[in-house]
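Right, one structure below, let's go through it.
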Amino acid sequence: MSRAAPVLLAALALAGACGRSEPGAPPQAPVAIRGGVVIEPPELTIGQTATVEVAVVTPPNHRLEPFEGPSAVEGLWILGVEQPPPDRTEGRWVHRVLFRVRSRTTGDLVWPAAIAFVGTPDGERIPVALAERPLRVAEIAGEHSERTEPFTYRAARDDAAERSFLLPALLGAALTAAALALTAVVRRARAARSAAAAVLAEAPRVSPDVRAERALEAAIAAIEADPVGAAGAASAALRAWVAERSGAPGPAATTEELAALVPPFAVSRAWPELLTILGRLDLARFRAGVLAGPVARRELEGTVQEARALVAATAPAAGAP
């Protein structure tokens with residue numbers, strides 16, 4: 001079984017515990033709204049990445065409000081977040097939010113408890129408690145315990161029910177994996193992100209400054225249609241520009257890691273403003289709820305305009321070496 005399978009099985013087990021019935025049994029009560037958190041893998045080495053999956057099970061036609069999650073977690077960098085469309089099956093929907101994280105300190109860490117909110121078809125807003133989830137970060141792989149099974153959400157049920165649920169769960173896991181892969185492809189094809197990426201991939205005859213300015217313009221044009229994607233495209237353009245102009249590891253480093261560097265000489269004067277802009281873009285692309293209203297989207301546009309002005313102001317003068 002792949003390393004990702006326990007995560008999917010955990011969410012499906014959660015769904016099964018909420019609304020499964022034996023063949024021929026009388027109909028059960030409506031599916032209860034419940035939530036859980038899974039980290040895969042639950043044991044990391046320093047610098048390793050992991051996926052934190054929040055899963056919320058609801059009856060059909062319910063929606064999970066944009067889930068922001070924690071703004072920071074001790075010992076972890078939050079690299080990205082995605083809320084794919086729900087997995088719709090007969091009788092229940094499974095909503096997921098996927099956080100990509102990287103460990104930066106060793107020891108026993110905790111993904112904090114949180115509250116998610118579900119909207120019902122009649123407009124009711126229901127809170128769903130999400131318990132904290134532990135994980136361990138070791139200095140080297142050999143420090144891990146001998147335990148190989150990850151922590152997973154498990155609802156109480158008898159052995160017979162467990163066995164009867166195993167095969168459908170495995171099949172469901174495969175289907176869910178395919179659905180998630182398709183969702184990822186669709187998201188990557190969004191116009192906002194592809195437009196900025198196309199600009200960044202222009203021929204080398206175009207200077208890094210021109211490429212960055214054009215990519216930032218494309219991001220501004222996409223804000224209304226896809227604000228989170230536009231924030232991500234702007235961040236990618238700015239980081240690529242930093243790497244080309246100064247050699248700093250812009251695309252591969254978090255904003256916190258860039259802040260810990262000695263400011264590169266080529267962009268040293270712009271460095272504090274650059275870090276501020278990247279921090280604001282991180283807030284927009286990692287916390288979708290921040291961009292829920294028109295005022296927030298205008299503020300994002302202002303941030304990207306600041307990034308464009310910074311690139312223009314830092315560009316070498318005409319004829320300079």
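Please report, in whole Å³, the volume per residue of the convex hull around the C-alpha atoms of segment 210-321.
So the per-residue hull volume is 90 Å³.
Taking only protein heavy atoms and a 1.4 Å probe, what accessible area per residue, in Å², does segment 257-316 have with all protein chains in place?
52
Among the protein heavy atoms, those of T276 account for about 70 Å² of accessible surface (1.4 Å probe, every chain in place). Using R0 = 30 Å, the C-beta based FRET efficiency linking S207 and A252 works out to 0.85.
Comparing Cα centroids, segment 217-255 and segment 60-93 end up 23 angstrom apart. Taking Cβ atoms as reference points and 10 Å as the exclusive limit, the residues near V97 contribute a net charge of -2, counting Lys and Arg as +1 and Asp and Glu as -1.
The magnitude of the dipole of segment 42-98, with charges of +1 and -1 set on the Cβ of Lys/Arg and Asp/Glu and taken from the Cα centre, is near 220 debye. If you sort R211, R308, R298 by accessible surface, 1.4 Å probe, largest first, the order is R298, R308, R211.
Stokes-Einstein diffusion of segment 206-262 at 4 °C, 1.567 mPa s viscosity, Kirkwood radius from Cα pairs, rounded to a whole number: 110 µm²/s.
The values are calculated or read from the model by the stated rules, or taken from the named source; none is laboratory data. Computed from a predicted structure; not experimentally measured. So basically every Cβ, Gly included, is an ideal-geometry build from the backbone, and we count neighbours across all protein chains shown. The accessibility values were calculated without ligands, DNA or RNA, using every heavy atom of the protein model including side chains. Shrake-Rupley method; radii C 1.70, N 1.55, O 1.52, S 1.80 Å.
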